[in-house]
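Working notes, beginning with the structure itself.
The values are calculated or read from the model by the stated rules, or taken from the named source; none is laboratory data. Please read these numbers as outputs of a predicted model, since none were measured by experiment. Neighbour counts are summed over all protein chains in view; Cβ atoms, including those assigned to glycine, are modelled from backbone coordinates with ideal geometry. These accessible areas exclude ligands, DNA and RNA; they are computed on the full protein's heavy atoms, side chains included. Shrake-Rupley method; radii C 1.70, N 1.55, O 1.52, S 1.80 Å.
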Amino acid sequence: MQHSRKRFCYVALAIALVAIVVGITVTQKFGIKKIWTQKNSALTPPPGIDDKKPDVPVARGYHRLRATHYFADTYPKNFWNSFEPADVARDFKQIKADGFNAIVLVLPWAEFQPVLTSNGYDEKMFDRLKMLMDAATAHELGVVLRLSYVWSYRPDAENSIFNRMHGVFHDEAMRQTWLKHLAKIHTHVAKHPAFRLAFLSWEDLYPMAITSMTPNLSDQNMMRMYREYLSRTSTLSDISTLYGKTISSWDALPFPDRKSPAYAKVLDYWDDALLNRLFIPANQNFPNLSLEVRSDWDPVWEKDGKTTWKNHASTYALPGTDTLTSYYAIAWGMKNEGDFVSAADAIKGFDRFVAHLAAEKNHQHLFLDQFLFYYELEEFKRNTQIKPEERDIFLQAVAQRFRELDISYALWYYRDYVDNAVYNAHFSLGLEGWRASEGVKVSKLADGHYAALLDKGNEVSQKIPVQQRSAWKGGNEPLNVCITPGPGDNRRLELVTGDQAVTMTWRKGEKRQCVKVKRGAELLLTIKANTDALAIDLVELFTVLEPSAVYDRDLKVGAQRDAIRKLNAMVSEQK
């Protein structure tokens, strides 16, 4: 299935990557044509869909996007509750200086609507969204929104992300709540001058209960909908042949084993639901919405045990939008045996990838919301990579494709980050999510950062369900805890996790310090000011650091920063 991917939807990603580890080989020869461009697109609903739409401005002309995802110094899953507003202007100025014209923001449903009622929204999150969009306008940056992002650490969120994810597929009340949520987002962003594009992603809309190796078949709505889909698209005779046994009625149809030929129908059902149950209705609530389609291929096991590969091209011709969104990594169509390829071979793979999507045939612009030319994580070590000394050559070559084919793109890794499992890690939401002793308060430091101020004898603590958040990464290795204090002379604190206690000391001018602690499914992380008063600026508990080749965590320039600047200049046709 998937090339090597970040992010965001890490559990779905880990499952999806099984196929790419096995290896996907694409052997066809494709020709590349100039992608059709459209100055002003009329939004026409597909047949049979209610054409009533909210009052919206005329669709903007298309902007070729040179974008990067923005997570500040936080993590995609805790960005909205943890980023520092004081850093935004500095960050956007740097992003603009690097030649980008847009940022991509992920919008977690539970962060904006923790309670699933019409008045269950968190208005301060909409205030934060407006602040970011206003700042983008001030720095001449557009904003792209990934609306379907599900990951969030909110302790007060109603229903887990897994229940929400499964529910939008199989529970009508949950689906309607989600659709209304998208409509509310639309009212906040559609008329903002920074707004450029919004999209859903298949990685978020992942019915995990049925797509795992051990599916949960207790949901009768799911079984009913799966059987209804097959009854619309197949005959009992055909299904019996595929299952290798006689199926007497649709009500008797069992769910297929993952490693059986019949599982191809589950993948078809998923694709059909993405389009007809989710994307098309969502497009009515958020006009010209795009979808990040699945460009990787799924393994299907035949009766003889051999593996064939199934793509998801049935989802590529999106109705009601002028933009097809996807993702790209070097591993697409490669051997994925821990090997390295030349820039020339990588660009051939990219050409095959673009031809496979065939966006120009559907009169759609192509937006690569995750352009992954580099990634270096242990779980993706088998993925094919470009030879390090040829990365710059590849970036120059792909810049020509972006410009000539009118392709928009966004980096995922603009800056190193860690998979921080702490909620409200920068205290930018005050003490929300923390338990604090009497006398602890949150105040602004000289640099504008928020910090928890602890007098001698004070403490703050947070219960962190590590296993639910990130602990599946990193194997059995210890966890990392990093603390960044506010300014001051000698500062000392006691860090307590379970039965472990560690003393950390900073001299004047010292910043982030890190220690390792024993792994646990759930940890009570406690910070005590036993001997000195101190300010705590940032708290991080994580398993791995995810590296970027552009900037490190402290904004020091990475190996490919200058090449990215050249790519952006070439794509924008600057001399």
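General observations
- Flag if Cys482 is of a type in the set (A, V, I, L, M, F, W, C), without any contact (Cβ under 8 Å) to a residue 40 or more places away in the chain and touching a Cys at 6+ places or on another chain (Cβ under 7 Å): no
- Qualifying position, being of a type in the set (Lys, Arg) and crowded, with 20+ Cβ neighbours inside 10 Å, among Arg415, Arg403: Arg415
- Selection count, the range 523-552, where residues are acidic (Asp, Glu) and either over 23 Å from the mean Cα position of the chain (by Cα) or crowded, with 22+ Cβ neighbours inside 10 Å (or both): 3
- For the range 444-463, a residue qualifies if it is of a type in the set (Gly, Ala, Ser), farther than 17 Å from Asp532 by Cβ and either at pLDDT 95 or above or assigned to a strand (DSSP E or B) (or both), and the qualifying residues are Gly448, Ser461.
- Taking the range 351-382 as the range and being modelled with pLDDT of 90 or more and over 19 Å from the mean Cα position of the chain (by Cα) as the test, the residues that pass are Asp351, Arg352, Phe353, Val354, Ala355, His356, Leu357, His365, Arg382.
- When residues in the range 190-202 are screened for being surrounded by 20 or more Cβ atoms within 10 Å (Cβ to Cβ) and either of a type in the set (S, T, N, Q) or out of contact with any His (no Cβ under 9 Å at 6 or more places or on another chain) (or both), 5 of them pass.
- Neighbours by Cβ (under 8 Å, 6+ apart or cross-chain): first from the range 307-318, touching a residue at least 24 places away in the same chain (Cβ under 8 Å) and more than 10 Å from Arg294 (Cβ to Cβ); second open to solvent by 10 Å² or more (accessible area, probe 1.4 Å) and among the polar types (S, T, N, Q): Ala317/Asn362; Leu318/Asn362
- Output for the range 286-314, where each listed residue is touching a strand residue (DSSP E or B) at 6+ places or on another chain (Cβ under 7 Å) and outside any strand (DSSP E or B): Phe286, Leu289, Val293, Ser295, Trp297, Glu302
- Count - residues of the range 154-173 that are in a helix (DSSP H, G or I), free of Cβ contacts under 8 Å to residues at least 24 places away in the same chain and open to solvent by 30 Å² or more (accessible area, probe 1.4 Å): 3
- Residues in the range 118-140 that are touching a helix residue (DSSP H, G or I) at 6+ places or on another chain (Cβ under 7 Å), of a type in the set (A, V, I, L, M, F, W, C) and open to solvent by 50 Å² or more (accessible area, probe 1.4 Å): Met131 only.
- Pairs where the first residue, in the range 561-575, is at pLDDT 95 or above and the second is open to solvent by 50 Å² or more (accessible area, probe 1.4 Å), C-beta under 6 Å, 6+ apart: Ala563/Asp392
- Scan the range 479-510 for residues that are modelled with pLDDT of 90 or more and more than 25 Å from the chain's Cα centre (by Cα) and the total you get is 17.
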